[in-house]
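A quick write-up on the structure given underneath.
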Amino acid sequence: MSKIAMTTPIVEMDGDEMTRILWKLIKENLIEPFVDLKTEYYDLGLKHRDETDDQVTVDSANATLKYGVAVKCATITPNADRVKEYNLKKMYKSPNGTIRAILDGTVFRTPIMVKGIEPCVRNWEKPITLARHAYGDVYKNVEIRVPSEGKAELLFTGKDGQEIRQTIYEFEGPGVLQGMHNKDKSIDSFAHSCFEYALDMKMDLWFATKDTISKVYDAKFREVFDKVFENEYKEKFEKAGITYFYTLIDDAVARVMKSKGGFIWACKNYDGDVMSDMVSSAFGSLAMMTSVLVSPSGVYEYEAAHGTVQRHYYKYLKGETTSTNPVATIFAWTGALRKRGELDSNKELSLFADKLEKATLSTIESGKMTGDLALITSLENVTKLNTEEFILAIRENLEK
């Protein structure tokens, strides 16, 4: 059988621990036998990041800007224990954070729905995609432990010497203080990424903040979204038959729970962090969740939503059999291959991605699945397979 040809490479970012093992199995069994795979390879495994002083992460992000599509394996963000375990030169930053800053993107996470793994919310019939702004707010905050009585002030000093000062609170005793920020440029990129992705997926877009309480900070987010929509996307949305609307975050939560799904829900950084975990858990599992970073310039980086599955990796090193779920990693590859096919007008490549996803889901629906799914499925008399057995079962369905 002749393999499907590719014209432009995909940027391939290898990773760590058990997902690195999955990565190799997926490529060897599900992609390379069918596709003449062209990738520009970067090893983002922690040891190689340490050897290059993390330059490899920067290089992989710049290559993504060049080629437009990347697929990324899960990677370790080291803490003190990891620094000691891997004998690292220093505690490196999150690779995802580094890549995201260079691509200036927004993270979109969508549950993978399959028969036999039903959502906890019984009226959800279609996936809900979470669009999370990934800059600033509480994640780049500055905090103070207020020791005693005193006045807390917010002070901005412009480059021209102009001062803007506002009293936060007159403390009558000890307390805590927090300062947050965001940038117009980042909010604008967030808005453009959300509108572009909604058009690409042909899905309605919701955006939610709390501008009734945060009349400057959150109100700026709403103002940017409304302006970008009216000036650049209103006619495009009408032509595509999709809608955009804004609502308060608490109202959005109520609407989401009563909805049938099938839309994109855009949230600020913290709201997106919390709500994406809620949505993924309610739909079944983080191992059944896609994640794609989209830049407003139309650059795409696909990955699984979960981590490196450290516990299974230590079992694997001892020679023990694991039943690790590879579905999200498979869908990272299919997302990248499909997008590469779309950008290159390579219908055969995009069709292959569709077939691989269908083969993966039909394997689960036939009752063959990994241990995590076997614990939550509504299907009866299922067969629990180890990692390699499950991938080979998908291969058999794909060949059919």
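What follows draws every value from the coordinates through simple rules; no lab data is involved. In this text the structure is predicted, and so the values were computed from the model without any measurement. Glycine also receives a Cβ, built like all others from the backbone with ideal geometry; neighbour counts cover every protein chain displayed.
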Within segment 235-286, of all residues that are under 16 Å from the mean Cα position of the chain (by Cα), closer than 25 Å to residue 122 by Cβ and among the polar types (S, T, N, Q), the one surrounded by the fewest Cβ atoms within 10 Å (Cβ to Cβ) is 281
Segment 247-294 - residue that is of a type in the set (Val, Ile, Thr) and assigned to a helix (DSSP H, G or I) and, of those, farthest from residue 218 (Cα to Cα) | 279
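Would you please name the residue that is surrounded by the fewest Cβ atoms within 10 Å (Cβ to Cβ), looking only at residues in segment 369-393 that are more than 19 Å from residue 18 (Cα to Cα) and under 26 Å from the mean Cα position of the chain (by Cα)?
Residues of segment 369-393 more than 19 Å from residue 18 (Cα to Cα): 374-383, 393.
Now drop any that are not under 26 Å from the mean Cα position of the chain (by Cα), which leaves 374-377.
Details: 374: 17, 375: 11, 376: 14, 377: 19.
The residue in question is 375.
In segment 109-125, is there at least one residue being touching a residue at least 40 places away in the same chain (Cβ under 8 Å) and on the phi > 0 side of the Ramachandran plot? Write out each step before concluding.
Narrowing segment 109-125 to residues touching a residue at least 40 places away in the same chain (Cβ under 8 Å): 109-121, 123-125.
So of that shortlist, the ones also on the phi > 0 side of the Ramachandran plot come out as 116.
Checked against the condition, which is being touching a residue at least 40 places away in the same chain (Cβ under 8 Å) and on the phi > 0 side of the Ramachandran plot, segment 109-125 yields at least one hit.
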